[in-house]
Amino acid sequence: MTQIPQITDSHCHLDFPDFEGQLDQIIANAAEAGVTRMVTICTELSKETQVRAIAETHAPIYYATGTHPMNAASAPMATVDELLTLAKHPKFVGIGETGLDYHYTADSAEVQKQSLRIHITAARETGLPLIIHARAADDDMARILTEEHRNGAYSCVMHCFSSSPELAKAALDLGFYLSMSGIATFPKSQEVRDIFAAAPVDRVLVETDAPYLAPPPYRGRRNEPAYTAHTARKGAEVFGMEYADFAAQTQANFDRLFTKVATHQAAAA
């Protein structure tokens, strides 16, 4: 029997009510599709304990914590020290998601920028990758990421990338990664696919952003980590690669960026 290529859902939200009481089945579905690791993302520090517990309970799940830009004005401002303390947990593998979102929350732009810079500092000091959400804020995002990189290098993934070619270039020029979500599978997303096709394949990750953005044939329904395989198959098509080769490449990319996951797996083996 041919083994299913393994991939990683680099960004999902398994603490959301959509998955309550179903995580064992969700993990089993993922494994059947070849999705053997997941990073579940906490979007505000007040929920960190809940998200951490999911990672502690389920071996394939790791987690990251930050303040989502849409929560930046309503949640208490995170501090660098808080993030550094949380990052000591062995399954805490990234800083965020953080970023800028001017589509719904442009009125909190200045607070979002302040929060973003705090998260960047924590990423720099921990050596963990920054996880960026960017929507309708390309110019400010490119400027801040570049300014901060000059102050000291850090690693980063542009999660669920669907912004402009200019922001993609700015991120890639800094050595950052782009993560492909279900958006890249949508029929009207040719511009997004073109951006990925122009990117170095060794700088691409795959994700669901579950429970959002389910790819066809599940579009309009709840997304789950198993469906990362549909996005990865589209990614293989975009890059003109065999699926197994693209899957292996995204695994290598993930391990290179999320080094703490590989370290934890080796220690647990």
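The values are calculated or read from the model by the stated rules, or taken from the named source; none is laboratory data. Note that this is a predicted model, so its numbers are computed, not measured. Please note: Cβ atoms are built from the backbone with ideal geometry, for glycine as well, and neighbour counts cover all protein chains shown. Only protein heavy atoms, including side chains, enter the accessible area calculation; ligands, DNA and RNA are left aside. Shrake-Rupley method; radii C 1.70, N 1.55, O 1.52, S 1.80 Å.
Data overview
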| item | result |
| --- | --- |
| The stretch 77-92 residues that are surrounded by 15 or more Cβ atoms within 10 Å (Cβ to Cβ), paired with ones that are assigned to a loop (DSSP other than H, G, I, E, B) (beta carbon under 8 Å, 6 or more apart) | Ala78/Gly66; Ala78/Thr67; Leu83/Gly66; Ala87/Leu128; Phe92/Leu128 |
| Residue match in the stretch 101-109 (condition: among the polar types (S, T, N, Q), surrounded by 21 or more Cβ atoms within 10 Å (Cβ to Cβ) and touching an Asp or Glu at 6+ places or on another chain (Cβ under 8 Å)) | no |
| Hits in the stretch 46-76 - residues which are open to solvent by less than 10 Å² (accessible area, probe 1.4 Å) and either β-branched (Val, Ile, Thr) or touching a Gly at 6+ places or on another chain (Cβ under 6 Å) (or both) | Val51, Ile61, Ala64, Thr65, Gly66, Thr67, Pro69 |
| Tabulated pairs, the stretch 52-71, first closer than 14 Å to Ala268 by Cβ, second basic (Lys, Arg) and in a loop (DSSP other than H, G, I, E, B), C-beta under 6 angstrom, 6+ apart or interchain | Ala55/Lys91; Tyr62/Lys91 |
